[in-house]
Structure formats: C-alpha cells, structure tokens
Amino acid sequence: MKILVVDDDEHILRLYREELQEEGYDVLTAKTGAEGLRLFETESPDLVTLDILIPDMDGITLLRKMKEMRPRVPIIMSTAYDYRDDFAVWASEAYIVKSSDLTELKGMIKKLLQK
C-alpha cells in the first residue's frame with residue numbers, strides 16, 4: 001500500500017515516513033501543495049495524509065482537487081490546530097491533530113485501507 005504525506009514540516013515528514021515504513025507502507029512525501037498534487041496524479045497513492053497549512057495552496061483546496069480526481073481515495077487531514085468546526089475538512093475521511101505519538105494515525109490508516 002502506498003501513502004502520500006503532504007506537509008511542509010520536515011520533522012513531520014521524516015517521522016511519518018519512518019513510522020509508516022516500519023508498518024510496511026510505501027511512503028511518498030511532498031512539502032508543497034503542487035508537489036503533493038503531482039505525486040497524487042503520477043503515483044496513485046492508496047491513502048493521503050494532508051496538512052491544512054502548506055505553502056502555495058492550502059490543504060482544503062488540495063483536498064478538493066484530490067477528491068475531484070479520485071473521490072474514493074481516503075484522505076486524512078492532519079494538522080497542529082483544531083479545524084473540525086470548518087465544514088470543508090468534512091470532505092476528508094478522517095481528521096487527526098498532529099502528535100509525536102502516531103498510534104491514532106496508524107489505527108486510522110489501517111481502518112481506512114481495510115474498507
């Protein structure tokens with residue numbers, strides 16, 4: 001299974017890559033919205049984790065573009081801030097507040113990829 005992680009924080013990219021590779025996933029990373037969209041189109045990931053605040057394009061816009069292209073790909077919004085009151089994030093399958101403990105994220109990924 002291939003996971004695309006879109007986040008502008010190098011530490012988060014490294015943490016997610018290492019932890020998810022240990023779980024057996026093929027992990028792609030992108031630091032910008034444009035790079036994330038390009039990888040989404042060319043690599044066809046099975047799941048995406050997406051930060052809301054990224055350079056060049058906000059995560060909500062990127063979420064919409066990805067859902068227009070491939071509506072069945074599960075997308076997890078992952079952010080340091082609580083945006084649950086923003087209805088736009090509801091288009092995603094899940095919403096997780098970033099943490100160095102990836103237990104919740106890993107559980108959500110397993111759940112979404114089993115569907």
- Message: What are the pairs with Cβ atoms under 8 angstrom where one residue, in the range 98-115, is closer than 14 Å to V73 by Cβ and the other, located anywhere, is modelled with pLDDT under 90 and not hydrophobic (A, V, I, L, M, F, W, C)? Sequence gap at least six, or different chains.
- Response: L112/E93
- Message: So in the range 65-83, with the set limited to residues that are surrounded by 12 or more Cβ atoms within 10 Å (Cβ to Cβ) and not hydrophobic (A, V, I, L, M, F, W, C), which one is modelled with the lowest pLDDT?
- Response: Y83
- Check the range 10-20 and report whether any residue there is in contact with a Lys or Arg (Cβ under 6 Å, 6 or more places away or on another chain) and surrounded by 16 or more Cβ atoms within 10 Å (Cβ to Cβ). no
- Please tell me if A34 is modelled with pLDDT of 95 or more, farther than 15 Å from L113 by Cβ, hydrophobic (A, V, I, L, M, F, W, C) and out of contact with any strand residue (DSSP E or B) (no Cβ under 8 Å at 6 or more places or on another chain). yes
- Note on the structure: Of the candidates D46, D58, the one satisfying the condition of being within 17 Å of L113 (Cα to Cα), in contact (Cβ under 8 Å) with a residue 24 or more places away in the chain and of a type outside the set (A, V, I, L, M) is D46
- Tally time: how many residues in the range 4-19 are over 12 Å from the mean Cα position of the chain (by Cα) and in contact (Cβ under 8 Å) with a residue 24 or more places away in the chain? 3
- Item | All positions within the range 43-57 that are closer than 12 Å to T79 by Cα and modelled with pLDDT under 85 | I52, L53
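The values are calculated or read from the model by the stated rules, or taken from the named source; none is laboratory data. Source: prediction; values computed, not measured. Using ideal geometry, Cβ is built from the backbone for each residue, glycine included, and neighbour counts are taken over all protein chains shown.
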